[in-house]
Amino acid sequence: MPRPLVARIDLAAIRHNYRYAKQLAPASRAVAVIKANAYGHGAVAVARTLAAEADAFGVACAEEAMELRESGIDNPILLMEGVFEPAELALAERHRLTPVVHSPEQLLWLLQARPGRPLSCWLKMDTGMHRVGLAPRAFQEAYRCLRACPHVADIVLMSHLARADELAHPGTTDQLAVFDAHVRDMDSPQSLANSAAIMGWTAARRQWLRPGIMLYGATPLPADHPASAPLRRGMCLESALIAIRELDAGAAVGYGGRFVCSTPTRVGVVSIGYADGYPRHARDGTPVAVKGRRTRIIGRVSMDMLTVDLTPVPDARVGDPVQLWGDRVDPNEVAAASDTIAYQLFAGLSRRVRLIHQDADADADAS
Ligand SMILES: *Cc1c(COP(=O)(O)O)cnc(C)c1O
């Protein structure tokens, strides 16, 4: 019997979510962002699922891109951190990878390269996030140089939004204004929107979208926002009860005795812990579903196990399924109870978690 811990990945849901992103801006193309192993969902499987319709894939670096190329993925691939040294431009040329240019160093490397055929790039402006990207004036100068450069083909003008998930915050409007003021005379396509902006900021939807977290069905906006409703969860993280204890009032559970039973309590032990990527900081009360019924974590999460209150599930037995997040438990709820975000939960799953990919659409085609 293998360990019962698995992440079931619903590829049909991911396909649905990509189509939903495109429906929100039907005239736009979209880079399906599958960096960090598709946010833990399995980059190759997700890429194969979207290959027939994705306008491009977005990854952080050439290593992630090469995994896709070696698996036969042929779509355009965007290197969202660009290249890390000039020699990587040759790799980009050979494998048709499109680098972002976000720094003066990367700009120089591209201008000084001698590729066998023209390279395309995405030129990134820092409009206020102050992480990477060229300052607006340097961006304008860079654009002129790239346009004049015979070995530079197409250019996409991009920026990244720092607070698109805060729908009442003026930061996004300010960033859009900085961008628009500095690209006025440039006749190249534009890209500004991550998932939150695609769903919440119509003014940020330009020629290219960059949906990430929404593909996996975790909304970056409030759960009750209408734009969140069509999303379907891409991952169900499941394990099982491996032991059940009847504890007396006053008994303390787990390391540090963080949870103390106030009444006699049935406690279930689940085979998943922080070495699997479950957050160690999950508080008492973090939701979990046993046999489809919601209950809560009690006691500190340990490396390979965690403990849950079985009071709402009196018929629970060893071997019964436990959902950590998925259709019964919103990953955003688990994240909030652990002072993090769903992005980190997904991306932080360790290789101990077996991914099981299911594609209801493909199954339906096959039968
Ligand atoms: C990761 C990333 C995205 C996707 O962001 P989400 O919030 O997951 O939609 C978009 N653009 C860039 C440059 C990124 O690095």
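Structure notes:
- Cα gyration tensor, the range 11-217 - rounded (a/c under 1.5), prolate or oblate: oblate
- Positive contributions from Lys and Arg (+1) and negative ones from Asp and Glu (-1), summed over other residues with Cβ under 12 Å from the Cβ of I244, come out at -1.
- In this structure the amide hydrogen of I77, modeled in the peptide plane, comes within under 5 Å of the amide hydrogens of F57, T98, none closer than 5 places in sequence on its chain.
- C-alpha long axis of helix 171-182 to longest principal axis of the chain, angle in °: 20
- Kirkwood radius, the chain, all distinct C-alpha pairs, inverse of mean reciprocal distance: 22.2 Å.
- Once all protein chains are placed together, M80 keeps about 30 Å² accessible to a 1.4 angstrom probe.
- Look at where the Cα atoms of the range 288-310 and of the range 158-196 average out, and the two centres are 41 Å apart.
- Taking every Cα-Cα distance in the range 80-194 and sorting them into 10 Å bins starting at zero, the pair-distance distribution P(r) comes out as 14, 47, 28, 10, 1 percent.
- Computed over every Cα-Cα pair of the range 298-364 and binned at 10 Å starting from 0, the pair-distance distribution P(r) comes out as 14, 42, 33, 10, 0 percent.
- Within the chain, helix-based [θ] at 222 nm, where runs of 4 or more DSSP H residues each add -39,500 (n - 2.57), nearest 500: -7500 deg cm²/dmol
- Remark: the range 16-23, residue by residue, has Karplus-estimated 3J(HN,Hα) of 4, 5, 5, 5, 4, 4, 6, 5 Hz, where x stands for each Gly or Pro and the curve is 6.51 cos²θ - 1.76 cosθ + 1.60 at θ = phi - 60°.
- Computed from Cα positions, the angle between helix 136-148 and the longest principal axis of the chain comes to roughly 60 degrees.
- Karplus-based coupling profile of the range 30-40, in residue order and whole Hz: 9, 7, 6, 7, 10, 5, 6, 6, 6, 6, x, with θ = phi - 60° in 6.51 cos²θ - 1.76 cosθ + 1.60 and x standing for Gly or Pro.
- Where only C-alpha atoms are counted, convex hull volume of the range 25-131 per residue in Å³: 126
- Diffusion coefficient, µm² s⁻¹, Stokes-Einstein with Kirkwood Rh over alpha-carbon pairs of the range 1-71 at 25 °C and 0.890 mPa s: 188
- DSSP beta bridges in the chain [antiparallel fraction, %, rounded to 5]: 50
- Size of charge dipole - the chain - debye, nearest 20, with Cβ of Lys, Arg +1 and Asp, Glu -1, no other charges: 180
- For the chain, with +1 on Lys and Arg beta carbons and -1 on Asp and Glu, the positive-most of P287, S302, G250 along the dipole: G250
- Across the range 270-349, Cα pairs under 8 Å and at least six residues apart give a relative contact order of 33 percent.
- Gyration tensor verdict on the range 132-214 (Cα atoms; rounded if a/c is under 1.5, prolate if a/b is larger than b/c, oblate otherwise): prolate
- The range 211-326, Rg to Rh (Cα coordinates; Rh as Kirkwood inverse mean 1/r): 1.03
The values are calculated or read from the model by the stated rules, or taken from the named source; none is laboratory data. Here the structure is a predicted model, which means the values were calculated and not measured. With ideal geometry, Cβ positions are generated from the backbone for all residues, glycine too; neighbour counts draw on all protein chains shown. The accessibility values were calculated without ligands, DNA or RNA, using every heavy atom of the protein model including side chains. Shrake-Rupley method; radii C 1.70, N 1.55, O 1.52, S 1.80 Å.
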